[in-house]
Amino acid sequence: MIIVLDFGGQYNQLIARRVRECHVYCEVHPYTLSLEKIREMNPKGIIFTGGPNSVYGEDSPQYGKAIYELGIPILGICYGSQLMAHTLGGRVATAPVSEYGKTEVKVNTNSALFEGVFENTICWMSHTDYIERIPDGFEVTASTKVCPVAAMENASRKLYAVQFHPEVMHTVQGKVMLANFVLKICGCLGDWKMNSFVETSIRSLREKIGDGKVLCALSGGVDSSVAAVLLAKAVGKQLTCVFVDHGLLRKNEGDEVEAVFGPNGPYDLNFIRVNAAERFYAKLAGVTEPEKKRKIIGEEFIRVFEEEAKKIGAVDYLVQGTIYPDVIESGLGKSAVIKSHHNVGGLPDYVDFKEIVEPLRMLFKDEVRDAGRELGIPEHLVSRQPFPGPGLGIRIIGEVTPEKIRIVQDADYIFREEIAKAGVDKNLAQYFAALSNMRSVGVMGDGRTYDYAVVLRAVTTSDFMTAESAPIPWDVMTKITNRIVNEVKGVNRVLYDYTGKPPATIELE
Ligand code: XMP
């Protein structure tokens, strides 16, 4: 195992993900993790992340000298590199020139960290401080035009530090560097697979839950389905899955979810479907602000779960299929709030469960799909496109009304049907119809219309943190547009959203 010590940087889970891509198990822990605990966990290596502070600033996160005496290889990244220099007697200061973005770095290819890396290689920099003087016993192993210590090491003590971010894609050979660290320097075998994640999670869930009762918030989407099956393997019938049909699902979706997870489906689960559309619609009436809608839906979900838990009695745990991008975009790390994902930042302050369990919290979407495959979940479910917890509530701009829900459900159904028929769906990570709040004038059957504009969106992405709008063949678009305006009452225009993320997001709200 490799431990990533989190000093508040933006890319911390990305570091963990890159390590897992080398088939090495990795956990992220806050920098406050005690030395005793680290000794107990006995990792093969430790990575210090970046962070927004200056090491010499007041209250900046620190880690005592003793960690360097454990004999465990350490790689410091950005803030982590500066911390290593600062703690071991070097000097960190404000750099005369800050570096941001892709930067040419000259590396010493004799360093074990840079084995197989080109002497001049492009790395991603993002720093205002720099290492001005390295500690005794260290040597400089990389530099840029303006940064004399882009990397340093004390190879005999297996201490390595890089000013740049090897974990981000823009560092062209970052994966090679991280692989060198975990495989060559730390000596990890690189034989970890997703099945080990599944086994370890099942074991630790069993330990945590004991003979307690668990309720799982199941939406039928990939994440919560994987979480539910994982839990079912861990604690069997101690688990009850509650599927809340909030009336904001895609057309026919409620029945489809019930067909898979309900009593007639392949899984032997305790399954409860709660038809709660009316209470969600009532709470959403008159509300137009996106964050408010998200919070209302998130809170109402929890209230339904609490009620169901009371009916079952003595339920300690609520399981959610939260994954890493949900956590980061809800701003629970140090990053800004982009959206309150309903199962993270959308949680009300008080939740009547002993604990919320989120076994997939550290995984990216494609890793969750791999875990699903390991669990034997059929491919068509595992590769389903994501659907957000707040559902159509955040695909309808402005107030949510039953009429608008009907429009967006019908338009989305046509869009998905035609995309699948044309065979374009395999190239798309997510595609859906949304409803703008715009009404405009049109003409139909010689008469004037004043109706809504449907917005179609289709994106490609692998991690859902960034995305590109996907080109859809024009003839397919023509067919979709004709069908939507002809078949969906209340629509007289169809628009295609061609914006990427950033600057847009995937969902419209
Ligand atoms: P955005 O719109 O933030 O979406 O670019 C990124 C991915 O997250 C999904 N999404 C959510 N999923 N609860 C979820 O479970 C939410 O509140 C939520 N909001 C967005 C979105 O569909 C996309 O896949």
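The values are calculated or read from the model by the stated rules, or taken from the named source; none is laboratory data. For clarity, every value in this text was computed on a predicted model and none was experimentally measured. Note: ideal-geometry Cβ built from the backbone for every residue, glycine included; neighbour counts use all protein chains shown. The accessibility values were calculated without ligands, DNA or RNA, using every heavy atom of the protein model including side chains. Shrake-Rupley method; radii C 1.70, N 1.55, O 1.52, S 1.80 Å.
Brief remarks on what is shown
- Candidates per GluC sites (Glu not before Pro) in the range 348-456, loop by DSSP, up to 15 other Cβ within 10 Å: Glu399
- When Rg and the Kirkwood radius Rh are both evaluated on Cα atoms of the chain, their ratio Rg/Rh stands at 1.02.
- The long axis of helix 222-235 is offset from the longest Cα principal axis of the chain by roughly 70 degrees.
- With kT/(6 pi eta Rh) evaluated at 4 °C and eta = 1.567 mPa s, and Rh the Kirkwood radius from Cα pairs, the range 91-213 diffuses with a coefficient of 79 µm²/s according to Stokes-Einstein.
- Computed from backbone phi, the HN-Hα couplings of the range 178-193 come to 5, 5, 4, 5, 6, 8, 8, 7, 7, x, 5, 7, x, 10, 6, 10 Hz, rounded to whole numbers (Karplus: 6.51 cos²θ - 1.76 cosθ + 1.60, θ = phi - 60°; Gly and Pro given as x).
- Derived scalar couplings ³J(HN,Hα) [the range 155-161; Karplus, 6.51 cos²θ - 1.76 cosθ + 1.60; whole Hz; x for Gly, Pro]: 5, 5, 8, 6, 10, 10, 8
- Additional length obtainable on full extension of the chain from Met41 to Ser156, 0.36 nm per residue less Cα span: 39.1 nm
- Residue range of the chain that is longest and free of chymotrypsin sites (Phe, Trp or Tyr not before Pro) which are both DSSP loop and sparsely packed (at most 14 other C-beta within 10 Å): 119-349
- Annotation for Asn486 and Ser440: the two label points, set 7 Å from Cα along the Cα-Cβ direction, are 2.2 nm apart.
- Solvent-accessible area, 1.4 Å probe, carbon plus sulfur percent, for the chain: 51 percent
- Residues whose amide H falls under 5 Å from that of Val319, counting only those 5 or more places apart or on a different chain, are Leu215, Cys216, Ala217, Val357, with hydrogens built in the peptide plane.
- Pairs exceeding 30 Å between alpha-carbon atoms, taken from Lys65/Lys354; Lys44/Lys208; Lys44/Lys365: Lys65/Lys354.
- Square roots of five times the Cα gyration tensor eigenvalues for the range 147-234, Å: 39, 17, 12
- Taking amide H as placed 1.01 Å from N in the peptide plane, the amide H of Leu435 sits under 5 Å from that of Ile396, Ile397, Val455, each at least 5 places away or on another chain.
- Accessible area of Met444 in the full protein assembly, 1.4 Å probe (Å², nearest 10): 80 Å²
- The share of Cα pairs per 5 Å bin across the range 370-500, counted from zero up to the longest distance, runs 2, 10, 19, 21, 19, 14, 8, 4, 2, 1, 1, 0 percent.
- Listed by chain and number, the aspartates and glutamates whose C-alpha is less than 20 Å from the C-alpha of Lys102, apart from same-chain residues fewer than 8 away, are Glu119, Asp129, Glu167.
- Table column - 3J(HN,Hα) (Hz), the range 245-261, Karplus curve with 6.51, -1.76, 1.60, x for Gly and Pro: 8, 8, x, 10, 8, 6, 3, 6, 5, x, 5, 5, 5, 4, 5, 7, 9
- In straight-distance terms, cross-link reach from Lys404 covers every one of the lysines whose alpha-carbon lies under 23 Å from its own, apart from those fewer than eight places away in the same chain; here that gives Lys251, Lys283, Lys292, Lys293, Lys295, Lys339, Lys479, Lys489.
- Gain on full stretching of the segment that runs from Lys237 to Thr505 - 0.36 nm per residue minus C-alpha separation: 92.6 nm
- The chain, accessible area per residue, ligands and nucleic acids excluded (1.4 Å, Å²): 43 Å²
- Simple label model, 7 Å out from Cα along Cβ direction - Asp191 to Thr401, nm: 6.4 nm
- The GluC sites (Glu not before Pro) of the range 52-151 meeting both criteria, a DSSP state outside H, G, I, E and B (loop) and at most 16 other C-beta atoms within 10 angstrom of the site's C-beta, are Glu58, Glu115, Glu119.
- At R0 = 30 Å, FRET efficiency that the Cβ-Cβ distance of Trp474 and Arg203 yields, to 0.05: 0.05
- Nearest-10 value in Å² for the accessible area of Ser98, using the 1.4 Å probe: 50 Å²
- Under 5 Å from the amide H of Arg493 lie the amide H atoms of Val454, each residue being 5 or more positions distant or on a separate chain, with H modelled from the backbone and absent for Pro and chain starts.
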